[in-house]
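The values are calculated or read from the model by the stated rules, or taken from the named source; none is laboratory data. Keep in mind the model is a prediction, meaning the values are calculated, not measured. Positions of Cβ are generated from backbone atoms using ideal geometry, with glycine treated the same way; all protein chains shown enter the neighbour counts.
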């Protein structure tokens, strides 16, 4: 079955540590996205990529980094510069130009 | 700037009753509009979308939504709610972004279903 796989589902981090969240898709979609979800705030766009080796900042990119070396993969690194990293992170992909997103099941990051 | 407002944070309905979830958007042109549903701890699933044409769109799980340009609304409806519909519902508008679209989400409405 085609879809988006995020890992790990749960992750705990100590303050000052970088962590990387994995996102893999086998839908052959060109565009991929990372969203952050906090209670009562909906989803906010962190980074997006429309093609391999290219990506752009979204609305809340500070403290995050991404790479897009392969079409199928779009990992997100939450760096120690992110002041409030505890959140639910969602990866998505879409066919170019449609705006219709397909989501993974999310990764919950907790900073201890 | 584009924005989406879902005025109801929580809604409780009895099983079998009808449902309407409200969504208002702010966007300068003809919008792309979406409704997504999220079960606890899960990702989002697309319920339905409006790009153009017929303003009443049908989706999965018996949901429908009506685009009303004059009211800048895209309300979600279901004639008879099932207990399995309890979830959080997000309305979104698609805003052009380079050669693609960025979805701007509302803050969500949590639906509770009474037995």
Quiz item: How many residues does region B:26-56 hold that are within 13 Å of chain A (Cβ to nearest Cβ), assigned to a strand (DSSP E or B) and either within 23 Å of residue A:37 (Cα to Cα) or modelled with pLDDT of 95 or more (or both)?
Solution: 13
Exercise. Name the residue, out of B:3, B:52, that is more than 14 Å from the chain's Cα centre (by Cα) and surrounded by fewer than 16 Cβ atoms within 10 Å (Cβ to Cβ).
Key: B:52
Self-check item: residue B:68 under 29 Å from residue B:14 (Cα atoms), more than 8 Å from chain A (Cβ to nearest Cβ), free of Cβ contacts under 8 Å to residues at least 40 places away in the same chain and in contact with a strand residue (DSSP E or B) (Cβ under 9 Å, 6 or more places away or on another chain)
Solution: yes
Exercise. Out of the residues in region A:85-112 that are assigned to a loop (DSSP other than H, G, I, E, B) and at pLDDT 90 or above, state the one that is surrounded by the most Cβ atoms within 10 Å (Cβ to Cβ).
Key: A:101
Quiz prompt | Residue list for region B:8-24, restricted to those being within 13 Å of another protein chain (Cβ to nearest Cβ) and farther than 17 Å from residue B:64 by Cα | solution = B:8, B:9, B:10
Self-check item: region A:79-96, residues that are more than 12 Å from the chain's Cα centre (by Cα) and either facing chain B (nearest Cβ under 8 Å) or at positive phi (or both)
Solution: A:94, A:96
Quiz prompt | Hits in region A:15-60 (condition: without any contact (Cβ under 8 Å) to a residue 24 or more places away in the chain and more than 13 Å from every other protein chain (Cβ to nearest Cβ)) | solution = A:52, A:53
Quiz prompt | Output for region B:20-38, where each listed residue is surrounded by fewer than 19 Cβ atoms within 10 Å (Cβ to Cβ) and either farther than 22 Å from residue B:79 by Cβ or in contact with a helix residue (DSSP H, G or I) (Cβ under 9 Å, 6 or more places away or on another chain) (or both) | solution = B:24, B:26, B:27, B:28, B:29, B:30
Practice problem: Please work out which one of (1) touching a residue at least 24 places away in the same chain (Cβ under 8 Å); (2) not in a strand (DSSP E or B) is the condition residue B:77 fails and give its number. | Solution: (2)
